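Before any comments, here is the structure.
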Amino acid sequence: MADEGSLAPASVNGDERTSPNGGPPPVDQPEPLDDLAERVGEATGRAVRRAQNLAGGLAGRLGRAVQRRLAADLDDRDPDYIRENLSLSWLVASLWYRAEVRDLANIPERGRVLLVGNHTGGNLSPETIVFTLAFSTYFGVERRYHQLAHNLVLASPVGPFLRRFGTVAASHSNARKALEAEAAVLVFPGGDWEVHRPSWQSARIDFGGRKGFVRLALEHDAPIVPVVTIGGQETALWLDRGAWLARLLRLDRTLRLKVLPILIAPPWGLTIGDFLPRIPLPAKLTTKVLPAIDVRERFGPDPDVDEIYRYVTGQMQDALDGLAAERRYPVIG
């Protein structure tokens, strides 16, 4: 009778395997979890980098296409075109948004002025259109007036219309040129950060600490006229700015986009990025113009930029709180 050491070797798939000492065959050890996690992390990192490179390439091409379409300058404003289209445009805006613009008399009747507004409604920015129509109706089409807008807005299908109404690309250079031409200039310091804020922050002034408008007013001795609007953030349901997504896709570098908003709007439903043509909800828009601020008269010959910024945004927040208190229901007003 054979002993245990003389037993036949184990057979695996027809191959005989024995341990070096004649014992049971070796058993394969599972891969350590740390090694597996490292390999999964490396694979994920490669996938993210590929996605970033793809998105960056697409955004770069889109950015170059946008730049090619940005031919707008101050001379594109066409008073005759504005005069011919003003009545119908104002009628459409009034019927759809039931727009109300208050206290336009607070704007100086002539000369350079820096109109500082809170931004609403995404890339459609309905308050820009409504206020432009109201300004031109009140002061006449001959008074020089410009609005600063993001490049993507000017490159959109409504870009040619806006350019003839005086819209130019948002930049310090264009703002300076317009003020030097003794124009009234509408700026939105909050930019894409504020215009894509969640809908439940509709009644919040959020310039993101951007104080360039103060320096611009001081540089050109232009009075600051705050302009506040409520209702634009109800033209769609804004869920999130998507700043994290813009960073992930490197849009902040390629398209100057700090955000990639997530919203719900007809006809697309849930949407990432406010790029597709959409139907704005007919939310009631109410705009209020605050009294002009002569910066040096109020703050002295050598004013503090931070103090002026806090004062202007504080005045705007108080006025916006008042407009918000008047509203009873979303969209309806």
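The values are calculated or read from the model by the stated rules, or taken from the named source; none is laboratory data. Note that the structure is predicted; figures quoted are calculated from it, not measured. Positions of Cβ are generated from backbone atoms using ideal geometry, with glycine treated the same way; all protein chains shown enter the neighbour counts.
Structural remarks
- Ile262 vs. criteria closer than 30 Å to Arg215 by Cα and either modelled with pLDDT under 95 or crowded, with 19+ Cβ neighbours inside 10 Å (or both): no
- Take the conditions (1) within 25 Å of Ile129 (Cβ to Cβ); (2) under 13 Å from the mean Cα position of the chain (by Cα); Ala246 misses just one of them, which is (1).
- Failed item, numbered, when Arg215 is tested on (1) part of a loop (DSSP other than H, G, I, E, B); (2) surrounded by fewer than 17 Cβ atoms within 10 Å (Cβ to Cβ): (1)
- The residue list Val168, Val130 contains one member that is farther than 14 Å from Trp90 by Cα, hydrophobic (A, V, I, L, M, F, W, C), buried (at least 24 other Cβ atoms within 10 Å of the Cβ) and in contact with a strand residue (DSSP E or B) (Cβ under 7 Å, 6 or more places away or on another chain), which is Val168.
- Qualifying residue in segment 291-306 (condition: within 26 Å of the chain's Cα centre (by Cα), farther than 23 Å from Glu100 by Cα and without any contact (Cβ under 8 Å) to a residue 40 or more places away in the chain): no
- Residue in segment 231-242 that is aliphatic (A, V, I, L, M), buried (at least 23 other Cβ atoms within 10 Å of the Cβ) and at pLDDT 95 or above present: yes
Residue-by-condition table, conditions (1) surrounded by fewer than 20 Cβ atoms within 10 Å (Cβ to Cβ); (2) of a type in the set (D, E, K, R):
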residue: Val92; (1), (2): yes, no
residue: Arg98; (1), (2): yes, yes
residue: Leu104; (1), (2): yes, no
residue: Gly121; (1), (2): no, no
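- For Gly212, the stated conditions do not hold, so it cannot be described as in contact (Cβ under 8 Å) with a residue 12 or more places away in the chain and on the phi > 0 side of the Ramachandran plot.
- Among the conditions (1) polar (S, T, N, Q); (2) free of Cβ contacts under 8 Å to residues at least 60 places away in the same chain; (3) touching a Gly at 6+ places or on another chain (Cβ under 8 Å), Ser125 misses just one, which is (2).
- Segment 244-272, residues that are in contact (Cβ under 8 Å) with a residue 24 or more places away in the chain and part of a helix (DSSP H, G or I): Leu245, Leu248, Leu251, Arg253, Thr254
- Verdict on Leu276 being farther than 16 Å from Pro226 by Cβ and either in contact (Cβ under 8 Å) with a residue 60 or more places away in the chain or in a loop (DSSP other than H, G, I, E, B) (or both): yes
- Remark: pairs (first residue in segment 135-151, of a type in the set (S, T, N, Q) and surrounded by 21 or more Cβ atoms within 10 Å (Cβ to Cβ); second residue assigned to a strand (DSSP E or B) and at pLDDT 95 or above; Cβ separation under 7 Å; 6+ apart in sequence or on different chains) = Ser136/Tyr145; Gln147/Leu186.
- Sole residue being farther than 21 Å from Arg278 by Cβ, among the hydroxyl-bearing types (Ser, Thr, Tyr) and modelled with pLDDT under 95, chosen from Ser156, Ser171, Ser136, Ser125: Ser171
- Contact map, segment 155-181: residues that are free of Cβ contacts under 8 Å to residues at least 24 places away in the same chain and on the phi > 0 side of the Ramachandran plot paired with residues that are crowded, with 16+ Cβ neighbours inside 10 Å and in a strand (DSSP E or B), Cβ distance under 7 Å, separation 6+ or inter-chain. No pairs are found.
Table: residues versus (1) within 21 Å of the chain's Cα centre (by Cα); (2) surrounded by fewer than 19 Cβ atoms within 10 Å (Cβ to Cβ); (3) at pLDDT 95 or above; (4) within 23 Å of Ala93 (Cβ to Cβ).
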{"site": "Pro267", "(1), (2), (3), (4)": "yes, yes, yes, yes"}
{"site": "Leu281", "(1), (2), (3), (4)": "yes, yes, yes, yes"}
{"site": "Thr286", "(1), (2), (3), (4)": "yes, no, yes, yes"}
{"site": "Val289", "(1), (2), (3), (4)": "no, no, yes, yes"}
{"site": "Gln317", "(1), (2), (3), (4)": "yes, yes, yes, no"}
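- Whichever residue in segment 250-259 is modelled with pLDDT of 80 or more and surrounded by fewer than 22 Cβ atoms within 10 Å (Cβ to Cβ) and, among such residues, is nearest to Asp192 (Cα to Cα): Lys258
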